[in-house]
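Working notes, beginning with the structure itself.
The values are calculated or read from the model by the stated rules, or taken from the named source; none is laboratory data. All of these numbers come straight from a predicted model, not from anything done at the bench. Note that each Cβ is placed from the backbone with ideal geometry, even for glycine, and that neighbours are counted across all protein chains shown.
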Amino acid sequence: MTSAVSSAASAASVGPSASWPGASAPVIELHGVRKVYRTGSLEVAALRGISLSIALGEYVAIMGPSGSGKSTLMHILGALDVPSSGHYRLAGDDVSQMSEEQLAEVRNRRIGFVFQSFNLLSSLSAWRNVELPLCYAGVARPERRERAVAALARVGLADRVEHRPGELSGGQQQRVAVARALVSDPALILADEPTGNLDSASTEDVLGLFAALHEAGSTIVLITHEPDVAQAAGRVVRVRDGQIADDSGPAPAGASPRPIAGKSGGHR
């Protein structure tokens with residue numbers, strides 16, 4: 001087990017808090033969600049009545065080919081867009097009825113994002129990248145540093161807090177991004193193609209980290225087009241033509257993720 005996975009596995013005591021509203025309810029509830037894009041007289045239905053429930057502590061992969069509606073679903077789950085009709089509740093709150101200001105608050109405090117391209121600021125050290133969500137939330141600087149350093153330790157980078165992105169490998173940069181997602185103690189970790197820029201070794205390392213965070217109680221939704229990455233999750237939801245085509249359902253208690261098949265390209 002890598003140091004990152006070991007650190008995350010030992011962090012169960014600092015896992016997601018049960019203090020956020022709706023902790024006893026499903027983290028994600030979608031009911032009849034539709035999304036229609038209109039350009040002049042042209043209408044394109046990207047989502048066609050999606051209903052989905054994800055419980056606290058689940059690890060779910062969402063898959064789908066290009067044009068399936070997978071990206072639109074990710075945008076709605078991440079409060080980056082709202083449904084045309086239907087309802088989306090995140091930790092008990094109806095996101096579909098929120099204003100732009102309220103959505104921004106949800107994105108900053110309730111959702112931890114992990115992206116394919118890391119989205120780290122090259123001029124800032126690791127801990128300063130991790131503290132950014134706390135800056136936007138108005139947290140005092142001493143607390144920001146303390147929480148950022150703790151989040152980096154949680155992902156196995158306690159000895160890299162002052163390193164800038166250019167001094168880190170691809171896998172380490174993605175771990176910094178995961179620490180940034182964790183630092184605000186979100187209800188949901190939403191990872192969009194998080195291994196797309198990584199080679200097989202770094203992919204296995206990052207997915208091992210997600211598995212350990214899941215074991216510690218985090219709720220994780222991973223968007224991917226790669227079957228070997230999706231199989232690391234306990235549940236796989238497949239989207240096609242704007243609808244859920246298949247849902248494997250929650251994994252049996254105690255089930256272990258299958259090993260990741262090799263992949264080429266990317267960088268460590």
Practice item. Answer with yes or no whether ALA46 is without any contact (Cβ under 8 Å) to a residue 60 or more places away in the chain, buried (at least 17 other Cβ atoms within 10 Å of the Cβ) and over 21 Å from THR195 (Cβ atoms). Key: no
All-but-one check, LEU120 against (1) assigned to a helix (DSSP H, G or I); (2) within 19 Å of ASP199 (Cβ to Cβ); (3) at pLDDT 95 or above, failing number (1)
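Residue by residue, here is whether (1) part of a helix (DSSP H, G or I); (2) within 30 Å of LEU198 (Cβ to Cβ); (3) under 17 Å from the mean Cα position of the chain (by Cα) holds:
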position: MET74; (1), (2), (3): yes, yes, yes
position: ASP81; (1), (2), (3): no, yes, yes
position: PHE113; (1), (2), (3): no, yes, yes
position: LEU124; (1), (2), (3): no, yes, no
position: PRO133; (1), (2), (3): yes, yes, yes
position: GLY138; (1), (2), (3): no, no, no
Within the stretch 72-95, restricting to residues that are without any contact (Cβ under 8 Å) to a residue 24 or more places away in the chain and not β-branched (Val, Ile, Thr), the one that is surrounded by the most Cβ atoms within 10 Å (Cβ to Cβ) is HIS75
When every residue in the stretch 56-71 that is surrounded by fewer than 22 Cβ atoms within 10 Å (Cβ to Cβ) and of a type in the set (Ser, Thr, Tyr) is compared, the one modelled with the lowest pLDDT is SER66
If we ask which residues in the stretch 83-99 are under 22 Å from ALA45 (Cβ atoms) and outside any strand (DSSP E or B), their number turns out to be 5
When every residue in the stretch 101-139 that is free of Cβ contacts under 8 Å to residues at least 12 places away in the same chain and touching a helix residue (DSSP H, G or I) at 6+ places or on another chain (Cβ under 8 Å) is compared, the one surrounded by the most Cβ atoms within 10 Å (Cβ to Cβ) is VAL139
